[in-house]
Each structure stands twice: as C-alpha cells, then as structure tokens.
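K.L.:
What follows is a single structure, and I will ask about it in a moment.
The values are calculated or read from the model by the stated rules, or taken from the named source; none is laboratory data. No experiment lies behind these values; they were computed from the predicted model shown. Cβ sites come from the backbone with ideal geometry, for glycine too, and all protein chains shown count toward neighbours.
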Amino acid sequence: MAFKLSEEFKAKADKICARYPRRDAALIPLLLELQKETGYVAEEGMDALAAFLGLPYSRVKAVVTFYTMFNREPSGKYHLQVCRNISCHMAGAEGLLARLSSKLGIAEGETTKDGLFTLSAVECLGACGSAPVMQVNEKYFENLTGEKLDALLDDLRHNRVMPR
Amino acid sequence: MPTITIDGKSIEVEKGTTLLAAAQKLGIYIPRYCYHPKLSISGNCRMCLVEVEKAPKLLTACSTEAAEGMVVRTTSDKVKAARRDVLEYLLINHPLDCPICDQAGECGLQDYYMDYSLARSRFSMADKVRREKRRPIGPNLVLDNERCILCTRCVRFCSEVTKTSELEVMNRGDHSYIDLKEGKALDNGYSLNIADICPVGAFTSRDFRFKQRVWFLKRTKTVCLGCATGCLVEAHHNENVIYRLVPDPNPETNTWLCDHGRLTYKALQAGDRLKKGVIKNGLIELEPALREAATRIDEARGAVAVMGSPWLSIEDNAALARLARDSVKTGDYCFDFNFEQGIKDGILINKDQAPNTAGVRPVKAAYGGISMGELAGRIASGKIKLLLTEARAAALLKDALKDSGTRVVVFAANRGEIPAGAYATLPYAAYFETPGTFINYQGLRRRTTPPVAAPEGVKPLWDVVNKLASYSGASLGLDSGDDALKGISF
Amino acid sequence: MENILLKDDVAGLEAYFACGGYKPLKKALGLTPAEVIDEVKKSNLRGRGGAGFPAGLKWSFIPKDAQGPRYLVCNADEGEPGTFKDRELMRKNPHALIEGMAIAGYAIGAAHGYIYIRGEFAEEAELLEHAVAAARAKGFIGRNILGSGFDFELFIHRGAGAYICGEETALLESLEGYKGQPRLKPPFPAIKGLFGSPTVMNNVETLAAVPAIIDKGGDWYASIGTGKSAGTKLFCVSGPVNKPGVYELPLGTPLRDLLEKNCGGLKPGKKLKAVIPGGSSTPVLTAGEALAVKLDYESLAAAGSMLGSGAVIVIDESQCMVGLLRVLARFYHHESCGQCTPCREGCGWIEKILNRFEEGRAEMKDIDMLSSVADGMMGRTICPLADAMAMPVLSFVKKFRAEFEAHARGETCARRAGPKA
C-alpha cells in the first residue's frame, strides 16, 4: 500500500513551510508532525516528505537518523524516557531504570508485549533541578521516586493520565 | 595579494588562497583526507592542521585563507603531534584488515601512518565499533563501511558533481556510516570516480578489485575515446594488459572520468576482439582476408566508395582518403561528419559519441569529397557496388545500404561492431594499441599513447590501408602514421 | 535585590503588561537602532548561553551596508547537562524573551526571528506559541509594530534531539533543515548565518534581559554585578542540596552564598565533595575551590573553570568521581556529531576507557591515557564539543586522581561503598 501524505497534513505543512524563505527548512518540524500522526517515521514517510519538499531522500534519512527524537519503528503507546545524565544519575536514575525494567519485564529499547510501554534511557532532558526526571511521550514527570513511578505506571495503565 | 611565510619560505599569493594551496605552490605537502581540490571544503578530517603564529589554536590549512604577514609552520612539534593524534583516532575503529584490503599501495591511512605516525596502537581490539563490511553498492563499486574514515568526499561528489545526492552520512558520532536508499544502486554515470577519491579502502572498484597489486602497475598517459569530450586519462597496465583507466586531471577538459569512458578499455580484452579477418561471418587469417578485400575492391573499380570515420584518428582517415584518391581512384569518398557537439549532462558526457568528428574536418579540407547525403543517395540508387569504411561509420549509412546490393568492407576492432551483412572485415590496432591524433569538441589536439601492443599481426589502420593499396598495385608510401598526416593542416 | 528576569505571575500577557511590559519596546522604537545597540553595549550584558561574548558587540558585527534579509535567532536549545534555566524562564516570563527579541530585531534590522527550542521542550514550545500569538494580537509582533513602521515576525522552531544544536552554527544548520553539524568559521554568522544572511544569535536569558536594560538604561544594568561581569545571572543548582532550582543573583555572588543561603545547604548527612560550576563541560572544582569562588566570568576563569551556562552541579562525598565522569563521557560520546575525527573517535574512546575503570579492568597506565586522549582532542575540532569532553576529563583526573587509582587497584569506591541512592 503506497503511503500518502494526508491532505490535512499537507495543508498544515504548507503553513509551516511558509515560515521560512526555503521550504526545506521545515524538514524537522514536518518530521515531528509526521511522527505525531503515525507514531514513528517510516521509510515511506521519508520518501513522501522528500518528494513533498523536493529533497533527495538521502538528506531526509540522514536527518532522521541524526536526531534522537525520531522513532524508526512503532513504539509503545507510552514512551518512557528516563534521563540518566549527571544530576539524574546522582538522584538515582539507574535505580529507576532498573525498577521500570523489572516491573515491565523489558530491557532498554524494548516494548512491552501489550504495546503499552517502550523503555528508553535518554541523555539530559534539561530539568536537572527536579531530578530524577522522566519524559513520557512529550510530558515531563519530575522529582520521581520509586513510589511515584509505580503510581504513574498504574495511572498510565488505567488511562488516568494521558500524556500527548 | 597577501605575502605569507610557510616554514621560513615567503610567498605572495592571490587573495583567497588557502594555506594548503599556498604551501603546495612552495612544494610543501600538507597531509589531508577530506580536502579535494574540486570539492567544497569540509574541514572535518583535521589532518591538515598547521600552526599559525598568534592563532590560539592550530588551524586547518584547507580552509584558512592566507592573510598578510601570516607565519605558518607545518612541521612544528605541535603540528606533528596533532597529525599523530588524528591518525591514531582514525585508526582506533578501523578494522586494520590491510592484508585483505585492495587499497593497499594507495591507501591514505597506510601512507600517512608511515609518514607521520609509526605509533603503537593503544586501543583495545575488543572495543572497536563494528560496521558493515563489504557490499556491492551499484554496478561499479563495493562499499566497506568499516574502513571508512567519514571524510565525506563521496557524499560531496554525489551532491556537487553529479548532483544526484544518493550518498549521505547516516546516524552520528562514531556510529556514522555512509549509505544510500535501501535497494537503490549507486549508478550515476560517474560512480567510479568515488573509488578514486576515496582515500581509503572503503569504496573500491568492482572492475579493478583484486585484479592486480597497484605497485606492479605501469602508468601511461593517454586519451579516452569514449566520446567527443576527449578526456585525458592514465591507463594502468602490466604485461600488456590494461587494468583500469583513471582521469588525468587537467584544467582544459576533465577532472573526472565517466563510467562509460572508464570501461572502454575492456573492449580490447573482450572475447570478440578481432585478431583475424572475417569474410561472410567466417574467420580467416589476416593475409587471405586482405587479399580477398583487395580483390573485391579491384573488381568493383569504378563503383567503389570510401568513407572516413569520426571513430578513427586523423592518420587513419587520411590514409583512407589517400586510398580513395590514389589507389581506388574514385571521387566517391566522404569525410563529411557534422554531429552536434557539446557536453550533454553538464559534466563530461558529449552529445557526440564519436571521438574525432572535429578531427575528420581537416582531412576533408585537404581532400574534399562528397557529402554524406550525396554518398547515401549514390548508394541508394545502386551506383555503388562496394563501400569501404570503418564499422561504426558504416552504421550511419544503414538505411541507404538496405536493399542497395552494395558490398560492405569494414575495419573493425571487435566483432560486435560489424554491421549486419558486411562482406569482409579487417581488424586493426585500436587506440590503446597504437598512437593516433584526435581533435576533441573543444578543438584541442589529443594524441594517444598506446599502453599496450596490438594482438600479433594486427596493424594500425593506415598500415592495413597501405597494404590494400599495394595489393591493387598502388604505392601510398605510408611507412608511419605521420606519413599519412602530410598535407593536412590542423 | 529584585529579580529582573525570574518573576512570578507575569507569564500571561495582561500580567506582563501590567508591570510595565512592552513599554521598553515602545521606547526602543523611539530610538535609532544604533542607540539601542549602544545602550546594550553600555550595559555590559554578556552572552548567557555559555561563551559570555558581549551582546551589544555581537549585534554591532552585522555589516551596516548588508543588503537583503537579516535574521535574529534565539538559542533555546538548552541541553548542557545541569542547565535548566531557560526552560524556567520561558515558562515564567515568556514575554520578556519575546519583547527582547523584538527590540534586538529592531536594533540589528531583522524582520524575522526564530526561537530554536529543543525538541523535548514540547510544552514550552506550545507556551511560547501562545505567548507570541498573544503578542501578535496586541501588535507587539508582526507588521508595523506600534505604528513605528518596523516589521518583525517571530516563529518557534522545535529541534529533534541533538545536544550539538546548542552550538551556534549547528543550530543554524538544524534550523535550515539539515543535520546539526557545526560549520567552519569564518565566515561567522554575523556575515553569513541563517540562509546565508547576516544573523545574530543570542541565548534566551540574554535576550530576556534586554527589555530591562532599555527600560532602566545600560548604566543601571552595568552597575549590578562586578563591573566586568555585569547584571544578574540565572544559576541552576542541581544535586543533593535542600532546595535545588533556578536562582537569579547578581554576578559576583559567592558560590557559597548560593549553596547555603539560596539552596539551604546540602541535604542532611551529605558532605560537599566537588562542584561543576557552569554546566557539565566546565572544569570541576574541589569543595575547597568551590566554596572560595565567586560566580562571575573572571573569578571562575581565575579558579581554572568557567561560568558557562550557570549550571551549578553539586557533588557530595557519596558520589564516585570516576562513575560521574563515565556518565559525562557517555553523554558526549552520544552527542558528538561525528564530523571531526578527534571528537568522533575520541569521545567514544574515553567512554570505553572509563568503562574499564568502572568494570574493574583498568590499569594504572589508563589514567594517563585518559588525559592524553583528551589532550589530543582539545582545540583541534570545528566546534567546542571535543573541548567540552576533554575539560571534565582533564580536571577530574587532575583533581581526583586518587579515585581513579583506587579503581585501577580494584578497590571499592565511594558510591559502591555507600548506601544505594
């Protein structure tokens, strides 16, 4: 099945492109938009976006593989991204990662069988004053403790919080 | 016009000249990987760092422009240390698979290691970043990402020269690797240049790999005859076999070489290379073939036409003109070729696929003759019983020859060139086998130098023509190619 | 003293307006661009992103006769580990940034501005979008601002996860839709920046300080701080202190005061071991050095470190310096763009050597190897990321060598011996 950019996407994309003197400057914002629609950036999506912006595919692929926020394959409904940089490390990020890993039964980079959670360790999220920090999809959860984490997992499982 | 000092030598250079270029003018070599004179400056390899007085840090010679009064040092301890360090960094994740690497002998890592390092490895083999080993990447190249030093010459070549942008550095940091779209072939008509400019064994030529150790190769500068562009090339050969053609960069015509031109040498080594004559599809020895051709020419005397060829040298065309005028004694000869010329792809490939359209003109000027249209008309109307020409030129008259009953005698180097229905074919020495003069689309004279010898008994075309004339009782007096050029001004 | 930047309850346009917001813009538009630049020069405001380059001087580098568009870019790609001040500032006082950009845009003759915000700050990006829309609705952004004839459009642009984009020219590449790989300089952005046009780039905190400078005058701003280090600075404190967070203090404030007075000291039972004073790439200070230093550009340079982004990372005795350095090395290895050889290969090498220390496989000679690999990276790359890796390595090894030696001997370190965090 051929992948096609939706008309809605194209309309939005044209507006974003208009912010720049060159359309291709919108590549990264458009990839983020595309990812928001489909959860990840697929090969066909890269092709379609390259054609839409009049760019060589290789440039799109290079950008997608350079930046860490682009998922190359579908991830869980909730992407748990635990910061492990220095301040979070000192505040026990390793323990949180281990706790998540054992509670969910998955290692870093893996997704639970029910497709609910993907676990990642990430570098500094820029919220060091409230370490340890975890980002779930695009939402920050700060000053975490083991107990808070357990409660959060529970809330996520039961749709009591809905991060974007 | 700033004046700068490099290693104690002073030089005045044009504004905008880089330190690397200024050093080169002084005969000072600064090592480099990412720098290439015909590609944009990238400055990423850091091999060309030099010390500039008053600059707080070492500067890249490839990107730093000369400024009045600069004092540059390229061999100070600081510079030497930087080069040693860069080499060490480049080698830590390199597979060091030199024994099985065909870049040996022309590898930038090996060469610079000898020149600037000779340090012992401090890196643990177990820690190396592994990347994908060899894989064919298009019809002409093999890519070994593990050997790549990420200088990005290949990436810049594809974006700046061919403008096809297939290649990119994917990922980042020491996990970076060169790639293109999955399932796509790197086939842009110029891909083999990438094997040339790759300073290490990451991109190698599928044609050349493991055919010959480079230190056994001899180099002969000659001309590519793949089209009217007439690129200068270097043929690399050993023991009478050509192994590859590479560009011989020159400001007039070419920095690069197209894949088509690069592989033209292969015709010489092809299975259908003619070493004997052909009469009606049957191979026969050279002497009898010549005799047969001469007999048929004599037989048809009064209705013989001779046509030159833009695929032949000036010498050979002139010999054919002499044959027509002085031996066959016909006015039905044609040296009239007017192919449109010019670069068709913005790079090197010419609209005119023949190498010597411009070189036939002085032959026509000296000998005259009829136009192509006239010749075609005379053939079509049945007035020509025998046509003598070169195989590819004969194809130009395909329509006129059809149903005309004209006997066609051609000169050909390969059996595949022979037009259908040709009566007799005489082999001749091709232009990697004999010297010849050509004029390219720019009007520049190009003389080929043969890297290899022709198959035994196979002679240059002018020599074969000389013999044909003698069989018919005429003496053209052609003892050399130069004899044929007499009376022709170009 | 009263905060200039970090204020409560000014996030909304009405509230911001109520305390005098956007009056400085009006005032600036009544001056000539040169007068605005002079005022900023007079203030001695220096770049708050890390390099500390004088802001007014930077603005004046835009060639006066430059034809074509000019751009103003705000660097909100806050990513230096330990740094979280811009996030706080954008949340609490977004209009100070927007107003500062309008004034800066006017000063340099830019009709377009972009705020490049790190991709992870999705919420903050949205907040800014709303704030810009509100400012546009009131005529502070857009065409013919406040009837002055000055047009200034402002766009929010999100990144997508790459620390290197905090580097000025990598950010420009990223903003143009490429991989964030730093450019060779020269040409500098003031001559050839975004889309090849003259460009000024400033940090969020730098731009947010501009309205106050225009409002109260450059001399007033210059009178705060130490003279050479003028004005207030946001300090972000992380680590085991009682009240971590962002504090706005005059430059020249003793680090000891920040820790003890503002942050309430270290948590019970914790003893100070070291401080990284300006973000993860600045050289570490021992407890003694840290408690003696003042927080300004000159004092920290004299102490062998840097003010950097003002990210004060507090390290207590229960932490293992070898382990912390490994965490930093992993980060720089992860973030090296891969362009320059020494950084691409060196960052990973350093991490791998540190892994040996952590896993009990290191030898004594590996300690000097760490320093030598770092030395080989210093000052030899296009951008300072290699230095940012090398500086912590060199300072950690120099100041805490005994811990590296203990690891090489296979002894238990502070973190492993101490209670689990």
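K.L.:
Is it the case that some residue within segment B:147-163 is among the aliphatic types (A, V, I, L, M), away from every other protein chain (no Cβ under 11 Å) and buried (at least 22 other Cβ atoms within 10 Å of the Cβ)?
P.N.:
no
K.L.:
Can you find, within segment A:110-156, the residue that is farthest from the other protein chains (Cβ to nearest Cβ) among those that are of a type in the set (Gly, Ala, Ser) and in contact with a Pro (Cβ under 9 Å, 6 or more places away or on another chain)?
P.N.:
The residue in question is A:GLY115.
K.L.:
Out of the residues in segment B:62-97 meeting the condition of being more than 10 Å from chain C (Cβ to nearest Cβ) and hydroxyl-bearing (Ser, Thr, Tyr), tell me which one is nearest to B:ILE4 (Cα to Cα).
P.N.:
B:THR74
K.L.:
Going through C:GLY231, C:GLY252, C:GLY279, C:GLY239 one at a time, which residue ends up being within 14 Å of chain A (Cβ to nearest Cβ), under 23 Å from C:GLY47 (Cβ atoms) and in contact with a helix residue (DSSP H, G or I) (Cβ under 9 Å, 6 or more places away or on another chain)?
P.N.:
The match here is C:GLY279.
K.L.:
Now, a different point. Restricting to segment B:411-462, name every residue that is more than 19 Å from B:ALA321 (Cα to Cα), in a loop (DSSP other than H, G, I, E, B) and charged (D, E, K, R).
P.N.:
Those that are more than 19 Å from B:ALA321 (Cα to Cα), in a loop (DSSP other than H, G, I, E, B) and charged (D, E, K, R): B:GLU433, B:GLU456.
K.L.:
Okay, moving on. Quick check on this structure: which one of A:ALA18, A:ALA13, A:ALA107, A:ALA93 is within 27 Å of C:GLU335 (Cβ to Cβ), aliphatic (A, V, I, L, M) and within 14 Å of chain C (Cβ to nearest Cβ)?
P.N.:
Matching residue, one of A:ALA18, A:ALA13, A:ALA107, A:ALA93: A:ALA93.
K.L.:
Given the condition small (Gly, Ala, Ser) and without any contact (Cβ under 8 Å) to a residue 24 or more places away in the chain, answer yes or no: does some residue in segment A:140-158 qualify?
P.N.:
Yes: one or more hits.
Residues are listed down the side, and each one gets a yes or a no for (1) crowded, with 23+ Cβ neighbours inside 10 Å; (2) under 20 Å from B:GLY226 (Cα atoms); (3) not β-branched (Val, Ile, Thr):
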residue	(1), (2), (3)
B:GLY359	yes, yes, yes
B:GLU374	no, no, yes
B:ALA380	no, no, yes
B:LEU387	yes, no, yes
B:LYS398	no, no, yes
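K.L.:
Right, something else. Would you check if B:THR295 is buried (at least 19 other Cβ atoms within 10 Å of the Cβ) and not assigned by TED's automatic domain parsing to the domain that holds B:ASN140?
P.N.:
So B:THR295 fails the test.
K.L.:
Got a sec? Which of A:GLY109, A:GLY95, A:GLY126 is surrounded by fewer than 19 Cβ atoms within 10 Å (Cβ to Cβ) and either in a loop (DSSP other than H, G, I, E, B) or within 14 Å of the chain's Cα centre (by Cα) (or both)?
P.N.:
Being surrounded by fewer than 19 Cβ atoms within 10 Å (Cβ to Cβ) and either in a loop (DSSP other than H, G, I, E, B) or within 14 Å of the chain's Cα centre (by Cα) (or both) holds for just one of A:GLY109, A:GLY95, A:GLY126, which is A:GLY109.
Yes or no, residue by residue, for (1) at the interface with another protein chain (Cβ under 10 Å from one of its Cβ atoms); (2) out of contact with any Phe, Trp or Tyr (no Cβ under 9 Å at 6 or more places or on another chain):
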residue: C:ASP368; (1), (2): no, yes
residue: C:ILE382; (1), (2): yes, yes
residue: C:LYS398; (1), (2): no, yes
residue: C:HIS407; (1), (2): no, no
residue: C:GLY410; (1), (2): no, yes
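K.L.:
Are there any pairs with C-beta distances below 6 angstrom linking a residue in segment B:36-61 that is facing chain C (nearest Cβ under 8 Å) and at negative phi to a residue that is part of a loop (DSSP other than H, G, I, E, B) and small (Gly, Ala, Ser), with the two at least 6 apart or on different chains, and if so which?
P.N.:
Cβ pairs passing all conditions: B:ILE41/B:SER63; B:LYS57/C:GLY379; B:THR60/B:GLY43.
K.L.:
When you check A:LEU27 against the structure, is it buried (at least 16 other Cβ atoms within 10 Å of the Cβ), facing chain C (nearest Cβ under 10 Å) and assigned to a helix (DSSP H, G or I), yes or no?
P.N.:
So A:LEU27 fits the description; yes.
K.L.:
If you don't mind, another one. From the list C:LEU45, C:LEU57, C:LEU31, which one is in contact with a helix residue (DSSP H, G or I) (Cβ under 8 Å, 6 or more places away or on another chain), crowded, with 24+ Cβ neighbours inside 10 Å and more than 14 Å from chain A (Cβ to nearest Cβ)?
P.N.:
Only one candidate qualifies: C:LEU45.
K.L.:
Still on this structure: Against the conditions (1) more than 30 Å from A:VAL63 (Cα to Cα); (2) among the hydroxyl-bearing types (Ser, Thr, Tyr); (3) facing chain B (nearest Cβ under 10 Å), where does C:THR341 fall short? Just the number, please.
P.N.:
Tallying (1) more than 30 Å from A:VAL63 (Cα to Cα); (2) among the hydroxyl-bearing types (Ser, Thr, Tyr); (3) facing chain B (nearest Cβ under 10 Å), C:THR341 fails exactly one: (1).
K.L.:
Now for a separate question. For C:LYS23, indicate whether it is at pLDDT below 95 and exposed (fewer than 15 other Cβ atoms within 10 Å of the Cβ).
P.N.:
No; evaluated as a whole, the condition is false for this residue.
K.L.:
Right, something else. Can you name the residue in segment B:26-35 that is within 14 Å of another protein chain (Cβ to nearest Cβ) and surrounded by fewer than 24 Cβ atoms within 10 Å (Cβ to Cβ) and, of all such residues, is nearest to B:TYR112 (Cα to Cα)?
P.N.:
Ranking the candidates gives B:PRO31 first.
K.L.:
Which one is surrounded by the most Cβ atoms within 10 Å (Cβ to Cβ), of the residues in segment C:376-413 that are of a type outside the set (A, V, I, L, M, F, W, C) and within 13 Å of C:GLU345 (Cα to Cα)?
P.N.:
Only one residue fits best here, namely C:THR381.
K.L.:
Let me ask something else. Filter segment B:217-256 down to the residues that are touching a residue at least 60 places away in the same chain (Cβ under 8 Å) and polar (S, T, N, Q) and list them by number.
P.N.:
Scanning segment B:217-256 gives B:THR220, B:THR222, B:THR229, B:ASN240, B:THR253, B:ASN254, B:THR255.
K.L.:
Right, here's the next one. Can you find even one residue in segment B:75-89 that is surrounded by fewer than 19 Cβ atoms within 10 Å (Cβ to Cβ), closer than 22 Å to C:GLY346 by Cα and in contact with an Asp or Glu (Cβ under 7 Å, 6 or more places away or on another chain)?
P.N.:
The answer is yes, given that some residue of segment B:75-89 is surrounded by fewer than 19 Cβ atoms within 10 Å (Cβ to Cβ), closer than 22 Å to C:GLY346 by Cα and in contact with an Asp or Glu (Cβ under 7 Å, 6 or more places away or on another chain).
K.L.:
Within segment B:109-133, work out how many residues are surrounded by 13 or more Cβ atoms within 10 Å (Cβ to Cβ), out of contact with any Leu (no Cβ under 9 Å at 6 or more places or on another chain), within 14 Å of chain C (Cβ to nearest Cβ) and in a helix (DSSP H, G or I).
P.N.:
Result for segment B:109-133: 1.
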